[in-house]
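**Student:** A single structure is presented below for examination.
The values are calculated or read from the model by the stated rules, or taken from the named source; none is laboratory data. This structure is a prediction, so every number in the text was calculated from the model and none was measured. Glycine also receives a Cβ, built like all others from the backbone with ideal geometry; neighbour counts cover every protein chain displayed.
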Amino acid sequence: MDHPENDSQYQGLKVETSPENPGIVNPYLKNRPRARKRELSVADYVEGIRKGDVTILSRAVTLLESTRPEHEAMAQEVIEKCLPFAGNSVRIGISGVPGAGKSTSIDEFGIHVLNEKGGKLAVLAIDPTSERTKGSILGDKTRMEKLAVHPRSFIRPSPSSGSLGGVARKTRETIVLCEAAGYDKIFIETVGVGQSETACHSMVDFFLVIQVAGTGDELQGIKRGIMEMADGIAINKCDGDNVERCRVAAGHFKNALHLFPLPDSGWAPRVYTYSGFFGTGIKEIWDGIYEYIDFVKANGYFDRRRRQQNRYWMYETIDQRLRNSFYQDPEMEQRLIAAENSIELGQQTSFMAAHRLLEQYFLKLKEK
């Protein structure tokens, strides 16, 4: 490329052309061997987790999320050995419509409870996975500025990987690892209002739904199924000109909640207003959460709910293993391709194809 600055009229000024292939900045890095992480044994993982080593805990969660069979087997062994040290935490599910300020609120909630109650906090944030690229941003740490640098917090964003409504399949096991590492408060943030709430509700002690006011018909932002699961509703952005709208919305939600029968816990869900940005009203929410925990522990519902959740996840694990066994079978992969072609050609219905594929799969299992 010619530079007009190199013309004779511009004496004393010369612009060099850049090389086409500049290469790496430091040529000595090219021959430098890449440092490999030390392979950890099951005992190394368990020991590191029990000591609260954040690096080893992160590696254990990565191992847990891996789909490689040898990693899955090792991860299950780690979980089994960590299980006796788990269960001593308060698990809180946090959901809400996109844009409700969940991540900012979690940042404020977390800092408040760490300062007030001490202990350690783990945040398991589920990031939406692209259906096209299968990638996700995993940007929750950028929105949780205070917790991201707090020495007693652990933030783990995980891709939803297309699982039920966005709740990562391995979140339940990650809770066990975090509890074994000494985290006595665990937040689970879901993608948004949808099917993911059902799965989230089945692994937490308190389910908080975050709403915003001033967006039209507030009651349309939360459906019956979600309201029946909620142990508390918190209306965010209650500041400035929005304070009155928040109070009106809170009245609407309280009236709507009175229409539902009392939950099995015996606790009447409450409605709170707060500002995640200014950090006001957060103490009232936490006071309500701990009041709920004391209430359900006193009447036995806390332990009963956890036993129900354990049964639920047993069946979920069975369903997942059966699905994986079917779809990862090489013979069934070929039969699936053939079935897809026959459906596209109109030679059989999708229901008939599914029925035949399952029959062939079960017959193959019998012959083994």
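**Student:** Restricting attention to the range 94-125, which residues are in a helix (DSSP H, G or I) and β-branched (Val, Ile, Thr)? Working first, answer last.
**Tutor:** Applying the first criterion (in a helix (DSSP H, G or I)) to the range 94-125 yields 102-117.
Matches in the range 94-125: Thr104, Ile106, Ile111, Val113.
**Student:** A follow-up question, please. Which residue out of Ala230, Ala199, Ala234, Ala249 is at pLDDT below 90, over 25 Å from Leu64 (Cα atoms) and in contact with a helix residue (DSSP H, G or I) (Cβ under 7 Å, 6 or more places away or on another chain)? Don't jump to the end; show me each part of the working.
**Tutor:** Working: Ala230 fails: in contact with a helix residue (DSSP H, G or I) (Cβ under 7 Å, 6 or more places away or on another chain); Ala199 fails: over 25 Å from Leu64 (Cα atoms); Ala234 fails: at pLDDT below 90.
The conditions single out Ala249.
**Student:** Name the single residue that is farthest from the chain's Cα centre (by Cα) among those in the range 280-337 being polar (S, T, N, Q) and in a helix (DSSP H, G or I).
**Tutor:** Within the range 280-337, the subset polar (S, T, N, Q) is 280, 299, 308-310, 317, 320, 324-325, 328, 334.
Among the residues that remain, those that are also in a helix (DSSP H, G or I) are: 308-310, 317, 320, 324-325, 334.
Values: Gln308: 21, Gln309: 17, Asn310: 19, Thr317: 18, Gln320: 18, Asn324: 21, Ser325: 25, Gln334: 34 Å.
Among residues in the range 280-337 that are polar (S, T, N, Q) and in a helix (DSSP H, G or I), the one farthest from the chain's Cα centre (by Cα) is Gln334.
**Student:** Looking at Arg169, is it over 14 Å from Arg91 (Cα atoms) and either within 15 Å of the chain's Cα centre (by Cα) or modelled with pLDDT of 90 or more (or both)?
**Tutor:** Working: over 14 Å from Arg91 (Cα atoms): yes; either within 15 Å of the chain's Cα centre (by Cα) or modelled with pLDDT of 90 or more (or both): yes.
Against the criterion (over 14 Å from Arg91 (Cα atoms) and either within 15 Å of the chain's Cα centre (by Cα) or modelled with pLDDT of 90 or more (or both)), Arg169 qualifies.
**Student:** Mind listing whichever residues of the range 317-363 are of a type in the set (Asp, Glu) and either at positive phi or free of Cβ contacts under 8 Å to residues at least 24 places away in the same chain (or both)?
**Tutor:** Of all residues in the range 317-363, those of a type in the set (Asp, Glu) come to 319, 329, 331, 333, 340, 344, 359.
Result: Asp319, Glu333, Glu340, Glu344, Glu359.
**Student:** Something else now. Which residues, taken from the range 255-265, are assigned to a helix (DSSP H, G or I) and surrounded by 14 or more Cβ atoms within 10 Å (Cβ to Cβ)?
**Tutor:** Narrowing the range 255-265 to residues assigned to a helix (DSSP H, G or I): 255-257.
Listed by number, the residues that qualify are Ala256, Leu257.
**Student:** Could you say whether any residue in the range 248-263 is more than 23 Å from Val204 (Cβ to Cβ) and β-branched (Val, Ile, Thr)?
**Tutor:** yes
**Student:** Another one. Hey, can you tell me all the residues within the range 118-145 that are of a type in the set (Lys, Arg), under 18 Å from Ile186 (Cα atoms) and at pLDDT below 90?
**Tutor:** Restricting attention to the range 118-145, the residues satisfying the condition of being of a type in the set (Lys, Arg) are 120, 132, 134, 141, 143.
From what's left, under 18 Å from Ile186 (Cα atoms): 120, 141, 143.
Selection gives Lys141, Arg143.
Matching residues to (1) in a helix (DSSP H, G or I); (2) crowded, with 17+ Cβ neighbours inside 10 Å:
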residue: Gly48; (1), (2): yes, yes
residue: Gly52; (1), (2): no, no
residue: Ile56; (1), (2): yes, yes
residue: Ala60; (1), (2): yes, yes
residue: Thr67; (1), (2): no, no
residue: Glu72; (1), (2): yes, no
residue: Ala75; (1), (2): yes, yes
residue: Cys82; (1), (2): yes, yes
residue: Ile92; (1), (2): no, yes
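**Student:** While we're here: So, Val97, is that one at pLDDT below 90, farther than 18 Å from Ile155 by Cα and buried (at least 16 other Cβ atoms within 10 Å of the Cβ) or not?
**Tutor:** Details: at pLDDT below 90: yes; farther than 18 Å from Ile155 by Cα: yes; buried (at least 16 other Cβ atoms within 10 Å of the Cβ): yes.
The answer is yes for Val97.
**Student:** Residue check, Leu64 against (1) modelled with pLDDT under 90; (2) hydrophobic (A, V, I, L, M, F, W, C); (3) within 30 Å of Val271 (Cβ to Cβ), all met but one. Which one?
**Tutor:** With respect to (1) modelled with pLDDT under 90; (2) hydrophobic (A, V, I, L, M, F, W, C); (3) within 30 Å of Val271 (Cβ to Cβ), Leu64 is out only on (3).
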